[in-house]
Amino acid sequence: MYGDGRQKIYNDTPINRNTILQILQDAWNIHEQNVADMKYLIRFFKGKQDILKRAKANNSEINNKVVLNYANSSVRNIVGYTFGKPIQFIPRIGDNKDQIKRLSDIFEYENAYTIDNEVAFDASITGLGYFCTLPSSEITSDFMPEIPIKLASLNAMNTFVIQSASIGEPVRLTCTYWVDNNAADKNIYTYFTAFTETEVYTIKSRANGSLAALTTDNEILEDVNVLGINPIQQVWNNKFLMGDFEVAISVLNALNQIASDSLNDVENVIKSLLVIINSELDKNTTEAVRRNRVLELLGSPRNTGRCKIYIPAA
């Protein structure tokens, strides 16, 4: 659960066409728990925090809910401080000047700075972020890519990585998926793309965003990974895969409660009752002040008198 960081996924089963479905299924429970934590943290970052679910007290109609969104400001400050400017490539040897300029041009063309920020935001909020580097589909007239790579950030809730439990915990498999709700046959399909350093597996399943149905009715395509390396890179925010404000959620919730209760106290004072003792207002005046919360006591304070209580209009 949140507060403990995200869980890593381990599996050392040999990966091939016959085992890929079972490997993905074994990883799914941990991935779903991570996704549940991520959704909570993202909602918290957006301002949908616990104070908004607070029920009003039985003895009061006043129930202000104030969100002091320090989670949002802390993430923006951290990411802005770390990625305030694009990364620059500087050659150490003069002979590599042209190659470094070419590399800088590629990263500028692919808008790498924006992608860096997107992944940094994901990692700062959820503890994890994902880059993807693939061969470019932009081909020039001589059949050579003008820009040889394509960079992208992946949705952290639709991507996971499977590592080995051996020393160094190397990545064995990465997987990203998306759901097609507008298929021509009106079915809902989920498309999984899984990479190893040598293979690419594409799976089409009627799983509706889940791996639960991957044991039947699937189309599996296997292809060679022409890159020779895994194109998806997982970014850790820290060793425990925690978001930056995650450890302070209880404090942030307490601040929201303090702010909300303070506003309740102010509103209680504003809506307090005015007490008039031993005096009776005429009917027209009574109707006029009724909306201003007047308590009217008739008779001597030492004697039992009549009491009229006017409830303010809704």
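The values are calculated or read from the model by the stated rules, or taken from the named source; none is laboratory data. The structure displayed is predicted, hence computed values, not measured ones. Cβ sites come from the backbone with ideal geometry, for glycine too, and all protein chains shown count toward neighbours.
Tabulated values for the structure
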read-out: Selected residue (only one of Leu134, Leu68 is assigned to a loop (DSSP other than H, G, I, E, B), within 30 Å of the chain's Cα centre (by Cα) and modelled with pLDDT of 85 or more); value: Leu68
read-out: Residue under evaluation Asn11, criteria (1) under 24 Å from the mean Cα position of the chain (by Cα); (2) of a type in the set (S, T, N, Q); (3) modelled with pLDDT of 95 or more, criterion not met; value: (1)
read-out: Positions within region 174-187 being at pLDDT 80 or above and among the aliphatic types (A, V, I, L, M), in sequence order; value: Val179
read-out: Considering residues of region 44-79 that are in contact (Cβ under 8 Å) with a residue 12 or more places away in the chain and polar (S, T, N, Q) only, the residue surrounded by the most Cβ atoms within 10 Å (Cβ to Cβ); value: Gln49
read-out: Residue match in region 34-48 (condition: under 30 Å from Glu222 (Cα atoms), part of a helix (DSSP H, G or I) and within 14 Å of the chain's Cα centre (by Cα)); value: yes
read-out: Region 96-107, residues that are within 27 Å of the chain's Cα centre (by Cα) and either basic (Lys, Arg) or surrounded by fewer than 17 Cβ atoms within 10 Å (Cβ to Cβ) (or both); value: none
read-out: Pair list, Cβ < 6 Å and 6+ apart or interchain, from region 189-200 residues that are among the acidic types (Asp, Glu) to residues that are part of a loop (DSSP other than H, G, I, E, B); value: Glu197/Ile229; Glu197/Asn230; Glu199/Asn225
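For every residue, the table says whether it meets (1) out of contact with any Phe, Trp or Tyr (no Cβ under 6 Å at 6 or more places or on another chain); (2) under 28 Å from Thr174 (Cα atoms).
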{"site": "Asn64", "(1), (2)": "yes, no"}
{"site": "Asn72", "(1), (2)": "no, no"}
{"site": "Arg76", "(1), (2)": "yes, no"}
{"site": "Gly80", "(1), (2)": "yes, no"}
{"site": "Gln88", "(1), (2)": "yes, no"}
{"site": "Pro91", "(1), (2)": "yes, no"}
{"site": "Glu118", "(1), (2)": "yes, yes"}
{"site": "Ile125", "(1), (2)": "no, yes"}
{"site": "Thr133", "(1), (2)": "yes, yes"}
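Residue-wise test of (1) farther than 22 Å from Pro170 by Cβ; (2) surrounded by 13 or more Cβ atoms within 10 Å (Cβ to Cβ); (3) not assigned by TED's automatic domain parsing to the domain that holds Thr190.
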| residue | (1), (2), (3) |
| --- | --- |
| Asp4 | yes, no, yes |
| Pro14 | no, no, no |
| Ala27 | no, yes, no |
| Asp37 | yes, yes, no |
| Ile42 | yes, yes, no |
